[in-house]
Every structure is written in structure tokens, then in C-alpha cells.
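Inspection log for the structure reproduced underneath, given as C-alpha cells.
The values are calculated or read from the model by the stated rules, or taken from the named source; none is laboratory data. In this text, all values refer to a predicted model and were calculated from it rather than measured experimentally. Note: ideal-geometry Cβ built from the backbone for every residue, glycine included; neighbour counts use all protein chains shown.
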Amino acid sequence: MITDDRIRAMHAEMTEWRRDLHAHPELGFEEHRTSDFVARKLEEFGLEVHRGLAGTGVVGVLQAGRGGNQAIGLRADMDALPIEEANQVAYRSTVPGKMHACGHDGHTTMLLGAAKYLAETRNFSGTAYFIFQPAEETKGGGREMVRDGLFERFPMSAVYGMHNWPGVPVGTVAVHDGPVMASMDTFEIQVRGLGSHAAMPHMGRDPIVAAANLVSTIQTVASRLVPATDAVVVSITQFHAGDAWNVIPETALIRGTVRTLSAAIRDQVEPALRRMCEGLATAYGIAMDFSYHPGYPVTVNTAEETAFAREVAATVVGRENVRGDLAPSMGAEDFAFMLQERPGCYIWLGNGPADGGRVLHSPNYDFNDEILPIGVAYWAALVERALPAG
Ligand SMILES: [Zn+2]
Ligand SMILES: [Zn+2]
């Protein structure tokens, strides 16, 4: 499908990089070997290399043509997950309990491939920033790069991201208008009652009955509070209370997560949960200490850059293979922090069938090396079209 000889010629070399990274996974903010690998390659290709943003982050700078003011950013993530790999492949993870189960090894490789290609061809005029971020998985490495001055140190008019997507065929790209990935927040509720003998519950204040009622009441956030046409997920994922058969405990602990596809809906959930805690605490005569922890914002593609990304993707895979009809994911993505600062677009690149556990975050997942040239061709076309050579 990819007709550019130079990109096709890089396929074997890129497969080696990807498998090397796969065999040496590192968790968020610990990507020292990966960061060294990336920086060394970028230097080899002749890019200016900046290190230390968010600790292990790397930014490569490539100017071509008249150089100057026009600039865009391309972003990849580098971290792995705390999962024991189930695949029996030659390049299987060499680190017990750690695995590239989200394909960030592939993302890093495709952005390196694009840097190599563009450094050799230089068929553009302006500045391309290659952003390699740490800790996408739950720790907010993207947010830390923004805090460390990513956009002040490297001024750019737009920033682009991509993620491989199992279940979408190889050679297909999905582009979403507006929200593409959900916000992700967490909350915790300490229910504090008064312990008693299980045979004499009237002597205490039962936190389990109150907490169970709270779990039921929380279901009304999705069913009664948010319009049926808007998406929200509130899931209780932990409920801890009690150690004995005949004792009503003093406390119960509830933890959960909130996902939404709009900032306005997201803003409604925390006060609603707080109200429910306060109301039930009064009703049961006990305490419900509520704390809410904002995680990742909604990842929202901006209109102009999304239309542009769609056009560019069509030049790479053909218009008929650019899909705009896929529902957003309720998973979260910390590229959202970069899209809060600059316009841009985050696309899904088909990774092929999702059968046999080949889904993101599964011990059976593996990035599909077949798609490496497609990712490189998309990145390269994005730069060449956003920053056209005079
Ligand atoms: Zn992931
Ligand atoms: Zn991921």
C-alpha cells in the first residue's frame, strides 16, 4: 500500500527498533533506556535533541527550507504497563511483570521513522517537533511536559497524536470530529459509622447499609442526572468493609471512576456525588468523607486540524479507508493535556484483528509491525502538507 520506496526500505530496520523496545519495556517516568534509545537515534538522523522534559521526555527539532515561524508538533508515548506478557515471541518482554501492551513501542518507532525520513528528504519548509513523552498510562506524563514548558520552549501552531487501534483493519484510519477519548477521574468515599455487635445493630450506626445505599444512589448519576444523549460512566470499583461474621464494622471504603465525553457533563458529576454523600450521611446519621481526584480531561479534536488530518490520511490510505463513523472510546488519553493548549487531532491507526486477546492492555496484545510504514507515511505527509516547501 505504501508506495514510497524510502519508507518501504525502512520497514525492516523499524521492525528491529520496535522489537528491541518491546523486549525492554519501562513503566511511566522510568523510560531511561527508551529515552536514551530515542535521543541517540534522533542525533544520528541529525536532529537537535532536547532532553529532561518531564524527566525522561525527549523533543527532537528538525528545520527545513526557509525554517522560520511555521511549526507543528507530532507526539508519541514511550511507557509500558505492569503486565506479565503471555506472548511466546522471540522479542518477548525480558522484564518480569512489565510489557508493552498498549503499543507505545510501535508509536515510538513510527515517530522515529518519520524523523529519519523527514531528515533525509527535507521536503518541507518550517519546523517539525518530534515529542516523545513519558508516562501516558495514568501518570500524566503529557501534563508534566506541558508544565515543563513544552509549548513555550517549542512554539507550534498545532499538535498531532495517534494510537494504534485493534479491531480496525490494517490500512484503515479512524478520525473523530470533537471528542475521541473520555475524561477519567477517580473518587473515594470513607463512610464512618459506629461499630457494634452484629446481634445488636441498634447500638451502632451501620456503615455497610449506608454505603450499599450510596452505591445504588450513585447509579442515578447516569440514569437520572445526565441526558440520555450524553455519555457518562460512573463505576464503583472497590468496596471494602468488615473482617468478622458477628461484628458491624466502624467504616466502609468506596472507590470508583468517572468517564465522560464532555467538559460540561464532567463538571456536573463531582457536585452530584458530593450531594449524595451529604444527603445520605444525614439520613443515616454517619459521616461520608468524599474526595474527588481529577485525572485526564476529555481528548477533543479541533475542527480545522481534524479536517486537515482527514485529508492527509486520505492521501496515505485512500479516502475510502478513512472512517469517521466510529464511536469515541470511554478510555482516557493524556494527549488531552496537549490539546488543551494547542489545536490538533488524535487519530486511530488500524492495528488489525482484535481476536485472541489482541486488545489494548491484554497480556496477549502485540503491536502489528505491518502498520509501521503507514504511521510513518501519515506523519511525513502531515509535516509536508502543513509546512509546504516553497
Ligand atoms: Zn494504554
Ligand atoms: Zn496507549
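Of the residues making up region 205-240, those that are touching a Leu at 6+ places or on another chain (Cβ under 7 Å) and over 30 Å from Val180 (Cβ atoms) are Arg205, Ala210, Asn213, Leu214, Thr217, His240. Checked against the criterion of being at positive phi, in contact (Cβ under 8 Å) with a residue 24 or more places away in the chain, within 16 Å of ligand 1 (Cβ to nearest atom) and in the same structural domain as Val38 (by TED's automatic domain parsing), the candidates Gly126, Gly149, Gly142, Gly103 yield just one match: Gly103.
Conditions tested, residue by residue: (1) surrounded by fewer than 18 Cβ atoms within 10 Å (Cβ to Cβ); (2) in a loop (DSSP other than H, G, I, E, B); (3) not charged (D, E, K, R).
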site: Glu13; (1), (2), (3): yes, no, no
site: Glu16; (1), (2), (3): yes, no, no
site: Pro25; (1), (2), (3): no, yes, yes
site: Phe37; (1), (2), (3): no, no, yes
site: Gly60; (1), (2), (3): no, no, yes
site: Arg75; (1), (2), (3): no, no, no
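Give the residue, chosen from Val170, Val232, Val209, that is β-branched (Val, Ile, Thr) and either in contact with a Phe, Trp or Tyr (Cβ under 8 Å, 6 or more places away or on another chain) or within 16 Å of ligand 2 (Cβ to nearest atom) (or both). So that I can check it myself, show each step before the final result.
Numbers: Val170 fails: either in contact with a Phe, Trp or Tyr (Cβ under 8 Å, 6 or more places away or on another chain) or within 16 Å of ligand 2 (Cβ to nearest atom) (or both); Val232 fails: either in contact with a Phe, Trp or Tyr (Cβ under 8 Å, 6 or more places away or on another chain) or within 16 Å of ligand 2 (Cβ to nearest atom) (or both).
Answer to the check: Val209.
Scanning region 304-323 for residues that are of a type in the set (Gly, Ala, Ser) and touching a Leu at 6+ places or on another chain (Cβ under 8 Å) yields a count of 1. Scanning region 264-309 for residues that are in contact (Cβ under 8 Å) with a residue 60 or more places away in the chain, more than 20 Å from Ala332 (Cβ to Cβ) and of a type in the set (Ser, Thr, Tyr) gives a single hit, Tyr284. Filter region 40-58 for residues that are in contact with a Gly (Cβ under 6 Å, 6 or more places away or on another chain) and either touching a residue at least 40 places away in the same chain (Cβ under 8 Å) or among the aromatic types (Phe, Trp, Tyr) (or both); which is surrounded by the most Cβ atoms within 10 Å (Cβ to Cβ)? My answer is Leu42. For Asp105, the stated conditions do not hold, so it cannot be described as buried (at least 20 other Cβ atoms within 10 Å of the Cβ) and assigned to a loop (DSSP other than H, G, I, E, B). Only one of the numbered conditions (1) surrounded by fewer than 21 Cβ atoms within 10 Å (Cβ to Cβ); (2) under 30 Å from Ala101 (Cα atoms) is not met by Phe130, and that is (1).
Scanning region 355-365 for residues that are surrounded by fewer than 23 Cβ atoms within 10 Å (Cβ to Cβ) and either away from ligand 2 (no atom under 16 Å from the Cβ) or modelled with pLDDT of 95 or more (or both) yields Asp355, Gly356, Gly357, Val359, Leu360, His361, Ser362, Pro363, Asn364. Which of the residues spanning region 122-170 are among the hydrophobic types (A, V, I, L, M, F, W, C), within 13 Å of the chain's Cα centre (by Cα) and in a helix (DSSP H, G or I)? Selection gives nothing. Scoring Ser223 on the criteria (1) assigned to a strand (DSSP E or B); (2) over 30 Å from Gly141 (Cβ atoms) leaves a single failure, condition (1). Taken over region 120-138, the criterion of being under 19 Å from Arg51 (Cα atoms) and of a type outside the set (Asp, Glu) is satisfied by Thr127, Ala128, Tyr129, Phe130, Ile131, Phe132, Gln133, Pro134, Ala135.
Please verify whether Glu278 is within 29 Å of Val146 (Cβ to Cβ), modelled with pLDDT of 95 or more and either in the same structural domain as Ile254 (by TED's automatic domain parsing) or out of contact with any helix residue (DSSP H, G or I) (no Cβ under 6 Å at 6 or more places or on another chain) (or both), treating the condition exactly as stated.
no
Residue-level check: of (1) farther than 30 Å from Gly52 by Cα; (2) touching a Leu at 6+ places or on another chain (Cβ under 8 Å); (3) more than 16 Å from ligand 2 (Cβ to nearest atom), His202 misses just (2).
Considering only region 356-373, I want to know if a residue exists there that is of a type in the set (Val, Ile, Thr) and either within 18 Å of the chain's Cα centre (by Cα) or within 16 Å of ligand 1 (Cβ to nearest atom) (or both). For region 356-373, residues of a type in the set (Val, Ile, Thr) and either within 18 Å of the chain's Cα centre (by Cα) or within 16 Å of ligand 1 (Cβ to nearest atom) (or both): present.
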